[in-house]
Amino acid sequence: MAATLVAGCLTGSSGDGGDDGGSSGDGDSGNSGEPIVISSLQPLSGPFSVYGPRHQAGAEFAAEQINADGGVRGREIEIRSVDTESSGQAAANSFTEAIEQDNAVAGIGPGASEAAIQASRVAEQNEVPMYLHAAGAVEVVPQESRYTFRTALPATPTVGRAQAQIIEDEGYNNIGVIYEDGVWGDEYSAAIEEYFPDGINLETDTAPIPETDFVPLLRQFSDDIEVFLGSGHPAGVSSLYPQMNEIGLDVDLFLGAITPMEADYNAIGESIGDSFASFNSTDMYSDDYAEIATTFNEENGGLFDHAQVNGYTAVQLIAQSIEDAGSAAPTDIAESTRTGAFDLLYGADIEYTEWGEPEGAVQIHNGFNLEESPEYWPDGDFAPEEVHRTDPLPAYEPGSLDI
């Protein structure tokens, strides 16, 4: 039975629970009055700061709802936040300190693959679970991993596999992409080669990660491109799309990144309503999402965007894992997460392989309707509009592609 979230309350169970206490770490025995500490490692500054404050807001909102409903096994959730400054070393150091000094039972964050790689090493060494918001590199979750769990963003090759479904379902033939010159670009291109339909016309180029002027490259693409894969260069999405419009490279569909929708709108403007679609795991069209998004807007203001949902979901996932395990010991939390099924705010129940890769995840691509605003965000500049919802996606198995 999947654990189900209804308006911030945890119901149902994916296991039989257990006795108080645990095999290691915090546990419940002797700690009944102490808060359960979650270390929130967020890029509140630096190049990935578009995510950090939003993740943090969602995590704190989840803790507030859980605590208002009586906490977890009679204990409150406490989010202890640190600014990683988008640095991998800072993320690792901060997580180590949280485990050793704050008795943190889990970590969330930290944003970007390099920070996630270093934080996940701390998780594995200390046997304290880490729940990742947005880190797609295959190296982050190797097959021997037992304490690192992706949440909203699956492994990079799975993103390519999801977009292959769009190409096949819609019958597109002419595809363009500029790959970033880095790990994401390498892994994404391997997925395109493996999963995209045979016989398509694929035009490609490569650009450095910091590139912002794509016009010289874009001018080399044919004018009959139907779909442009902006996901191949996530850092360049907010430059690529308007520059394509400027030179008259009109496409039916531009696939963006996992960036929050409001951030994309603010960076690009009203032309985003033409053909732009971002992706994430959040089901923004479900009743559960609408109810919680309404409460978030009333209490905090603004859109309960993907990044806020991802922070929120990570905390809810930890809380439900503790409930199901009957223990706040880190090893028990990890085992409960690994073996459970969690019906939260995503397009499919959250379930995992033994090594922490999402199994059966659903990716939803969302366009921007500039003519409406949703009831849960009545003062908004746009309404999300579903462009495509994938079938459940197989978990990426490390080593299955030549990367």
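The values are calculated or read from the model by the stated rules, or taken from the named source; none is laboratory data. No experiment lies behind these values; they were computed from the predicted model shown. In this analysis, Cβ positions are derived from the backbone assuming ideal geometry, glycine residues included, and neighbour counts consider all displayed protein chains.
Being among the aliphatic types (A, V, I, L, M) and more than 17 Å from the chain's Cα centre (by Cα) is the filter; apply it to segment 363-403 and report the residue that is modelled with the lowest pLDDT.
Within segment 363-403, the first condition is being among the aliphatic types (A, V, I, L, M), and the residues that meet it are 364, 370, 383, 387, 393, 395, 401, 403.
If we keep only those that are more than 17 Å from the chain's Cα centre (by Cα) as well, we get 370, 383, 387, 401, 403.
Numbers: Leu370: 98, Ala383: 98, Val387: 98, Leu401: 94, Ile403: 86.
In this case the residue turns out to be Ile403.
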Give segment 244-264 a look and list any residue that's under 20 Å from Asp169 (Cα atoms) and in contact (Cβ under 8 Å) with a residue 60 or more places away in the chain, or say none. Val251, Asp252, Leu253, Leu255
Suppose the filter is at pLDDT 95 or above, at positive phi and crowded, with 19+ Cβ neighbours inside 10 Å; does Gly326 pass it? yes
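In segment 199-212, which residue that is part of a loop (DSSP other than H, G, I, E, B) and within 27 Å of the chain's Cα centre (by Cα) is farthest from Asn266 (Cα to Cα)?
Pro208
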Considering every residue within segment 263-279, establish whether at least one is buried (at least 24 other Cβ atoms within 10 Å of the Cβ) and out of contact with any Gly (no Cβ under 9 Å at 6 or more places or on another chain). no
Scanning segment 238-286 residue by residue, the ones that are within 26 Å of Ala135 (Cα to Cα), of a type outside the set (A, V, I, L, M) and not in a helix (DSSP H, G or I) total 13
Would you point out the residue of segment 207-237, among those that are crowded, with 20+ Cβ neighbours inside 10 Å and small (Gly, Ala, Ser), that is modelled with the lowest pLDDT? Ala235
Picking from Gln56, Gln118, Gln89, Gln65, the residue that is within 16 Å of the chain's Cα centre (by Cα) and at pLDDT 90 or above would be Gln56
Output the residue which, of all residues in segment 124-169 that are of a type in the set (Asp, Glu) and touching a strand residue (DSSP E or B) at 6+ places or on another chain (Cβ under 8 Å), is surrounded by the most Cβ atoms within 10 Å (Cβ to Cβ). Glu124
Could you check segment 66-84 and list, in sequence order, the residues that are surrounded by 23 or more Cβ atoms within 10 Å (Cβ to Cβ) and free of Cβ contacts under 8 Å to residues at least 60 places away in the same chain? Thr84
Counting only residues that are over 14 Å from Ile318 (Cα atoms) and either at pLDDT 95 or above or outside any loop (DSSP other than H, G, I, E, B) (or both), how many does segment 75-85 have? 4
